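The values are calculated or read from the model by the stated rules, or taken from the named source; none is laboratory data. Not measured: the values here are computed from a predicted model. Virtual Cβ from ideal backbone geometry, glycine too; neighbours counted across all protein chains shown. The protein model used for the area step is the full one, side chains on, heavy atoms only, and it has no ligands, DNA or RNA in it. Shrake-Rupley method; radii C 1.70, N 1.55, O 1.52, S 1.80 Å.
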Amino acid sequence: QVQLVESGGGLVQAGGSLRLSCAASGRTFRTDTMGWFRQAPGKEREFVAAISWSSGSIYYADSVKGRFTISRDNAKNAVDLQMNSLTPEDTALYYCATTPPGESYYLANGNHYWGQGTQVTVSS
């Protein structure tokens, strides 16, 4: 199994920034990509960003391109998500996820290991 522990999140005004962190432990050799999804009230969980451990390739949802930056720390098996220029539409529960090789990194109903989630609230 793989365990994911998230930190960061909180309340910020529109235009502000937050940084999320996620550390993985356990059988991390079974995973390739690691990243973030989010789920707003009344909406489906959606892909936000991911990074591949093996290739370093980075993927973003169109809605966050240019505002969010994902980075990794291989030694710590951790990823960070720097979120800038936040808007109220970014308000959601953010989930860290890691995905086995060959599985979709962006499908919310795909084969992922999940963290517990951390709340991000952006006030207008």
- request: Could you tell me whether any residue of segment 94-103 is part of a strand (DSSP E or B), touching a residue at least 40 places away in the same chain (Cβ under 8 Å) and open to solvent by 50 Å² or more (accessible area, probe 1.4 Å)?
  value: no
task: Considering every residue within segment 46-53, establish whether at least one is closer than 21 Å to Gly117 by Cβ, open to solvent by 20 Å² or more (accessible area, probe 1.4 Å) and at pLDDT 95 or above.
output: yes
- request: Please work out if Tyr95 is touching a Phe, Trp or Tyr at 6+ places or on another chain (Cβ under 8 Å) and more than 24 Å from Gln1 (Cα to Cα).
  value: no
- line: Heads up, the strands (runs of 3 or more DSSP E) in segment 5-63 (entirely inside) with at least 2 residues that are within 12 Å of the chain's Cα centre (by Cα) are 18-26, 33-39, 46-52, 58-60
field: segment 61-79, subset at pLDDT 95 or above and crowded, with 19+ Cβ neighbours inside 10 Å, residue farthest from Gly15 (Cα to Cα)
entry: Val79
field: Among (1) without any contact (Cβ under 8 Å) to a residue 12 or more places away in the chain; (2) under 14 Å from Leu18 (Cα atoms); (3) acidic (Asp, Glu) - the single one Asp62 does not satisfy
entry: (2)
query: Out of all the residues in segment 16-38, is one or more farther than 25 Å from Gly56 by Cβ and open to solvent by 30 Å² or more (accessible area, probe 1.4 Å)?
result: no
query: How many of the residues in segment 4-49 are of a type in the set (S, T, N, Q) and either closer than 18 Å to Pro101 by Cβ or in contact with a helix residue (DSSP H, G or I) (Cβ under 9 Å, 6 or more places away or on another chain) (or both)?
result: 3
